[in-house]
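Just so it is clear, none of the values below were taken in a lab; they were calculated from the coordinates. Just so we're clear, the structure is a prediction, and the values are computed from it rather than from any experiment. Counting neighbours? That spans all protein chains shown, and the Cβs are built from the backbone with ideal geometry, glycine included.
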């Protein structure tokens, strides 16, 4: 939880506060193959099974690692066999596409969305919506795109010691709200620094990720909430 992160950041300098924000993995599987479940991402599957994302892409010849289908069987090592009577379930749902304000119905605003003045942390389409598994949203972009503070706050973590998040910034905004900005190429702010909404805090990258993107989370009292219920309409 982010509450634990804040405690760790306060007492341990720039050391990674906890081992993994996603400690409650929803789909841990041990074996030679793994069957994709709803809410799974390639990075989540890799972490849960102790496999490198690049190895998963190579073993399964994934042309687009961001497009996994529920029921798809992935090889976890060179000796895995996905042809022994286990066939992936082909989803009949239409192919997912980036969520933009013209094609997706925005979720209802949170009742406390007005407590803080929020702004978008990056330009680009939302390519991964919020789920209990993702704990945030992914915003696509280009390497080097500016990442901005979503609201006034204080830097409580700036580093790369948190597994699965790459170069990470965590801001405390008061009123129980904390935001996280992951997979950055470079970090532009340091711990204990005060920042204003819209301040450049990092550059978009793909550390601990197979694609260039910003993984953005808002947590309220330590609980992940849907950023789309707080961010303003574009």
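A compact table of results
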| quantity | calculated |
| --- | --- |
| Cβ-based exposure ranking for 194, 138, in which fewest neighbours within 10 Å come first | 194, 138 |
| The stretch 115-170: C-alpha gyration tensor shape, a/c 1.5 cut-off, then a/b vs b/c | rounded |
| Principal semi-axes in Å for the stretch 98-229 [√(5λ), Cα gyration tensor, largest first] | 20, 19, 13 |
| Distance between modelled label sites at residue 77 and residue 192, nm, 7 Å Cα→Cβ extension | 4.7 nm |
| Exposure proxy order (Cβ contacts within 10 Å, fewest to most) of 186, 210 | 186, 210 |
| Spacing of the two label points (7 Å from each Cα toward its C-beta) at residue 229 and residue 160, in nm | 3.4 nm |
| Anisotropy class of the stretch 178-225 from Cα gyration tensor, a/c 1.5 cut | oblate |
| Sequence of 178, 73 once ranked by neighbouring C-beta atoms within 10 Å, starting from the fewest | 73, 178 |
